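A short worksheet on the structure shown next.
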Amino acid sequence: MPRKPRFAPARNPMVLLVGLWLIFCMIALFWFRQSIALFQFIDVDDAMRLQQVRDWIGGQGWFDVSQHRVNPPLGGPMHWSRIVDLPIAAIILLTRPFVGMATAELIACTAVPLLLLGCLCAVLHRAMRLLADGDAPPLFAVALLLVTPTILIQFPPLRIDHHGWQILMAGVALCGALDGAPRRGGIVAGLAIALWLTISSEGLPYAALLGGTFAMRQWTDGAERPRLTGYAAALGAASALLVLVTRGWSAVSGNECDSLTSVYLLPLGGFAIAMPVADRLMRGTTAGRRLIAAALGAGCAALIFLLSGQHCATNGPFAALSPLAYRYWYMGVVEGLPIWKQEIGMAGVILLPAITGLVGTALAWRAAPRGDTRIRWLTIGLLLFGATLVSMMVMRAITVAHLCALPGTAWLLIALFRRVQMARYSLARVFGSAALVLLTPVGMAASWLGAVDSVSAPSKAAGKICRTSATIDTLDRLPPSLLFTPLDLGPDILVRTPHSVVGTGHHRNLRGINAVVGAFLATPDRSRAIVMATGGGRGPAYLITCPGLNELEQYAKVRPDGLAAALLKGRAPGWLTPVPMAGAIRVYRVAR
């Protein structure tokens with residue numbers, strides 16, 4: 001492929017970068033204007049996040065992230081990080097004196113995800129500049145980011161959950177991996193992964209992936225030794241410090257498997273200590289010695305994990321769920337399932353952008369002159385390949401893989417555009433250039449879903465109505481009470497009403513989840529005992545349903561003779577008395 005002159009860097013790249021971001025913000029604000037006006041969250045986790053911020057602002061302790069209105073009097077244990085709460089709370093507190101609490105919350109929930117996306121744009125731009133390849137201009141990669149639906153779905157207004165933070169930290173870690181100063185790059189990557197792990201243990205595979213990539217670079221180049229040692233030290237020290245500061249000593253010394261506790265902190269600390277010691281002992285004068293040093297550091301971490309985290313390796317964080325709850329709630333969370341359990345449409349959405357990025361990365365590596373640029377392309381390729389494997393195991397991890405795919409996709413599109421422009425006929429140049437849209441992330445997703453015609457059927461109108469403010473607000477007519485509700489309604493009820501709920505779809509609330517799933521699947525006669533055992537044995541005052549809610553329909557499909565099926569058919573058992581209520585929601589008074 002003939003080489004063309006490289007792209008000249010933009011004179012004012014940050015102005016153009018901010019301009020691209022602002023254009024997206026205006027489009028997003030217009031597109032989601034109805035959700036903003038109704039303060040309608042996309043996902044129940046966003047509602048729960050706002051409730052956590054409210055509780056903190058209202059006086060709940062910094063280290064206490066439990067939801068005390070979930071499954072009272074015990075409360076609903078949570079493992080979420082205050083780091084994600086900080087910018088939301090800051091904007092609320094800054095704007096509340098001028099606009100009031102309700103508007104301040106709306107401003108915060110609208111602004112925070114868009115600001116995070118702006119930071120991600122800047123981080124990707126920085127990574128592309130560190131790549132130092134004129135064939136893949138930074139602003140073009142940012143433009144591709146802003147048309148990548150699998151990433152953008154985590155950054156619209158009101159999307160305040162932690163997923164945007166995870167993608168941002170992946171971008172910062174990528175910058176560290178591409179940094180020309182090995183020690184600084186390793187430290188930056190270590191700090192980013194430490195912050196990610198403090199927010200969510202889903203960063204663990206990427207911590208190992210970066211460590212393996214740095215170890216490989218050290219093996220082939222002795223000058224890369226500081227990157228791996230700096231990464232190990234920063235990751236181990238920052239992880240312990242962040243957990244101590246944000247969650248307290250009880251979290252540091254705990255042994256839970258779903259968050260950063262001693263189970264993971266001890267191996268990370270062992271890696272942080274063993275890696276520099278092994279590096280100094282081996283001296284790193286030969287590739288073999290450098291490989292042994294990396295193996296000793298990784299082996300120390302693995303051994304400590306086997307000693308301290310055997311229960312996590314064996315059982316995982318969901319072992320305490322009842323078999324019914326595990327099968328019919330946890331296994332029903334599509335975003336947590338592997339690719340072979342997805343519809344063919346979603347499988348293509350997962351794989352196609354990653355494969356395109358891998359092809360572009362491989363071609364860019366091949367075309368790059370020998371030296372630093374080629375090593376950086378190889379680094380991107382290794383990280384992208386590993387992230388793609390992770391996304392095949394857990395669907396929601398596609399965002400990191402697709403972020404790592406953007407540099408290679410940008411290079412490939414530009415290379416193909418140059419080839420098309422060399423065509424003899426103008427018609428071929430025009431149609432060939434237009435066809436390249438199909439290789440953009442949004443083009444691939446749209447064309448694949450259109451070709452396989454396997455888009456999941458949209459939710460029923462009744463199901464959508466169940467979580468709207470107009471529906472939930474009708475519950476304000478009831479005196480503040482404990483409500484027995486489907487898991488998917490719990491967070492919205494907490495945010496919009498003074499009521500408490502038995503359970504929400506957050507896995508540490510084991511008793512609440514087991515009770516809700518078990519009761520709705522049990523026969524009406526047997527379900528009463530399950531319902532009445534909640535609330536410390538006092539039972540809830542009311543039971544809530546909403547026809548069309550996917551959760552209830554799944555219960556009814558599994559157990560046609562169960563409570564959920566009976567209620568959806570309008571056949572309430574004798575211990576439930578219907579309470580007249582306007583709108584879609586159905587309320588039953590529970591007989592004592």
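Given a Förster distance of 30 angstrom, what is the FRET efficiency for residue 74 paired with residue 470, based on the Cβ-Cβ distance and rounded to 0.05? Show your work: numbers first, answer last.
Details: r = 32 Å, r/R0 = 1.05.
Computed FRET efficiency for residue 74 and residue 470 comes out at 0.40.
Give the angle, between 0 and 90 degrees and rounded to the nearest 10, that separates the Cα long axis of helix 372-393 from the longest principal axis of the Cα atoms of the chain.
Here the helix axis deviates by roughly 20 degrees.
Sort the range 175-266 into rounded, prolate or oblate with this rule: let a ≥ b ≥ c be the square roots of the eigenvalues of the Cα gyration tensor; rounded if a/c is under 1.5, and if a/c is not under 1.5, prolate when a/b is larger than b/c, oblate otherwise. Could you put the intermediate results ahead of the total?
Details: a/c = 2.59, a/b = 2.20, b/c = 1.18.
Prolate, since a/c reaches 1.5 and a/b exceeds b/c.
Nearest 10 degrees, 0 to 90: what angle lies between the long axis of helix 426-435 and the longest principal axis of the chain (Cα atoms)?
Computed tilt is about 40 degrees.
Largest first, what is the accessible-area ranking of 311, 506 with a 1.4 Å probe?
Values: 311 65, 506 15 Å².
My answer, sorted largest first, is 311, 506.
Could you sort 561, 279, 492, 64 by their accessible area in this structure, using a 1.4 Å probe and putting the largest first? The partial results should precede the final answer.
On the way: 561 95, 279 20, 492 0, 64 50 Å².
The most accessible residue leads, giving 561, 64, 279, 492.
Ratio of alpha-carbon Rg to the 2.2 N^0.38 Å globular estimate for the range 230-331, to two decimals, please. Don't skip to the end; give the middle numbers.
On the way: Rg = 17.0 Å, N = 102, 2.2 N^0.38 = 12.8 Å.
For the range 230-331, the normalised Cα radius of gyration is 1.33.
Run the numbers on the chain and let me know its relative contact order in percent, using alpha-carbon pairs under 8 Å that are six or more apart.
Relative contact order of the chain: 14 percent.
Calculate one ³J(HN,Hα) per residue across the range 169-182 by plugging θ = phi - 60° into the Karplus curve 6.51 cos²θ - 1.76 cosθ + 1.60, and present them in order as whole Hz with x for glycine and proline.
Karplus-based 3J(HN,Hα) across the range 169-182 equals 5, 4, x, 5, 4, 4, 4, x, 5, 9, 4, x, 9, x Hz.
Need one number: % antiparallel among DSSP beta bridges in the chain, to the nearest 5.
Details: 9 of 14 bridges.
Roughly 65 percent of the DSSP beta bridges within the chain come out antiparallel.
State the label only: which of (1) 0.98; (2) 1.04; (3) 1.12 corresponds to Cα Rg over 2.2 N^0.38 Å computed from the shown model?
Correct label, based on the coordinates given: (2).
Could you state the number of Å between the C-alpha centres of the range 233-263 and the range 474-536?
Each part reduced to its Cα centre gives a spacing of 32 Å.
Within the range 286-371, what whole-number % of the accessible surface is contributed by carbon and sulfur, with the 1.4 Å probe and all protein chains included in the calculation? Write out the running numbers ahead of the final one.
On the way: 3260 of 4740 Å².
Using a 1.4 Å probe with all protein chains present, the range 286-371 comes out at 69 percent carbon and sulfur.
Volume per residue, Å³, of the convex hull around the alpha-carbon atoms of the range 488-588?
Working: hull volume 10.5 nm³, N = 101.
It comes to 104 Å³ per residue, whole-number rounded.
Viscosity 0.890 mPa s, temperature 25 °C: what is the translational diffusion coefficient of the range 102-195 from Stokes-Einstein with a Kirkwood Rh over Cα pairs, rounded to a whole number of µm²/s? Display every interim value, and only then the final one.
Details: Rh = 14.1 Å.
For these conditions, the coefficient is 174 µm²/s.
Rounded to the nearest 500, what is the 222 nm mean residue ellipticity of the chain from helices alone, with -39500 (n - 2.57) per DSSP H run of 4+ residues and division by all residues?
Values: 28 runs with 377 residues, N = 592.
My calculation for the chain gives -20500 deg cm²/dmol from helical runs alone.
Hey, got the dipole for the range 141-245? About the Cα centre, +1 on K and R Cβ, -1 on D and E Cβ, debye to the nearest 20?
On the way: 6 positive and 5 negative charges, 38 e Å.
For this selection, approximately 180 debye.
Report the dimensions of the range 260-384 along its three principal axes from the alpha-carbon atoms, largest first, rounded to Å.
57, 42, 19
Can you check how the C-alpha radius of gyration of the range 21-162 compares to 2.2 N^0.38 Å, as a plain ratio?
1.21
Provide the gained length on full extension for the span residue 310 to residue 571, in nm with one decimal, where the gain is 0.36 nm per separating residue minus the Cα-Cα distance. Show your work: numbers first, answer last.
Numbers: separation 261, 0.36 × 261 = 93.96 nm, distance 4.77 nm.
Stretched fully, the residue 310-residue 571 segment lengthens by 89.2 nm.
Keeping every protein chain present and rolling a 1.4 Å probe, give me the accessible area per residue for the chain in Å².
Details: 25720 Å² over 592 residues.
I get 43 Å² per residue for this part.
Ignoring ligands, DNA and RNA, please state the percent of accessible area on the range 176-227 from carbon and sulfur, probe 1.4 Å.
Working: 1150 of 1700 Å².
Looking at the range 176-227 in its full context, I get 68 percent from C and S.
Taking the Cα centre of each part, how many Å lie between the range 107-165 and the range 318-391?
After rounding, the separation between the Cα centres reads 18 Å.
Given a Förster radius of 25 Å and the C-beta distance between residue 447 and residue 372 as r, what FRET efficiency does 1/(1 + (r/R0)^6) yield to the nearest 0.05? Don't jump to the answer; show the numbers that get you there.
Working: r = 36 Å, r/R0 = 1.44.
So the FRET efficiency works out to roughly 0.10.
Let me check something: with ligands and nucleic acids excluded, how do 340, 329, 365 order by accessible area (1.4 Å probe), largest to smallest? Kindly include the intermediate steps, with their values, before the conclusion.
Details: 340 165, 329 35, 365 100 Å².
Solvent-accessible surface, decreasing: 340, 365, 329.
Relative contact order, percent, of the range 276-389 when contacts are C-alpha pairs under 8 Å separated by at least 6 residues? Mind dumping the intermediate values first?
On the way: 44 pairs, mean separation 14.5, N = 114.
It rounds to 13 percent for the range 276-389.
Given the Cα-Cα distance of residue 417 and residue 31 and 0.36 nm per residue of separation, how much length would full extension add, in nm?
Numbers: separation 386, 0.36 × 386 = 138.96 nm, distance 3.08 nm.
Full extension of this stretch gives 135.9 nm more.
For the chain, take the longest principal axis of its alpha carbons; what is the angle in degrees between that and the long axis of helix 398-421, to the nearest 10 within 0 to 90?
50 degrees
Explain nothing, just the number: relative contact order of the range 1-145, from Cα pairs under 8 Å at least 6 residues apart, as a whole percent.
Relative contact order for the range 1-145 comes out at 27 percent.
About the Cα centre, and with charges only on the beta carbon of Lys, Arg (+1) and Asp, Glu (-1), how big is the dipole of the chain? Nearest 20 debye, please.
On the way: 51 positive and 29 negative charges, 200 e Å.
About 960 debye.
Zone of residue 343 (label point 7 Å along Cα→Cβ, backbone N under 18 Å): which residues in the range 392-435?
Counting only backbone N, you get 395-396.
In whole percent, and with a 1.4 Å probe on the protein chains, what portion of the accessible area of the range 511-582 is carbon and sulfur?
Details: 1580 of 3080 Å².
Carbon plus sulfur share of accessible area: 51 percent.
With labels modelled as points extended 7 Å from the Cα through the Cβ direction, what inter-label distance (nm, one decimal) is found for residue 252 paired with residue 330?
Label at residue 252, label at residue 330, 3.0 nm between them.
First check a/c for the range 350-474, with a ≥ b ≥ c the square roots of the eigenvalues of its C-alpha gyration tensor; if it is under 1.5, answer rounded, and if not, answer prolate when a/b is larger than b/c or oblate otherwise. Don't skip to the end; give the middle numbers.
Details: a/c = 3.25, a/b = 1.60, b/c = 2.04.
It comes out oblate by the Cα gyration axes.
The values are calculated or read from the model by the stated rules, or taken from the named source; none is laboratory data. Because the structure is predicted, anything quoted here is derived from the model rather than measured. Every residue, glycine among them, receives a Cβ derived from its backbone with ideal geometry; neighbour counts consider all protein chains shown. What goes into the accessible areas is simple: the full protein's heavy atoms, side chains included, and nothing from ligands, DNA or RNA. Shrake-Rupley method; radii C 1.70, N 1.55, O 1.52, S 1.80 Å.
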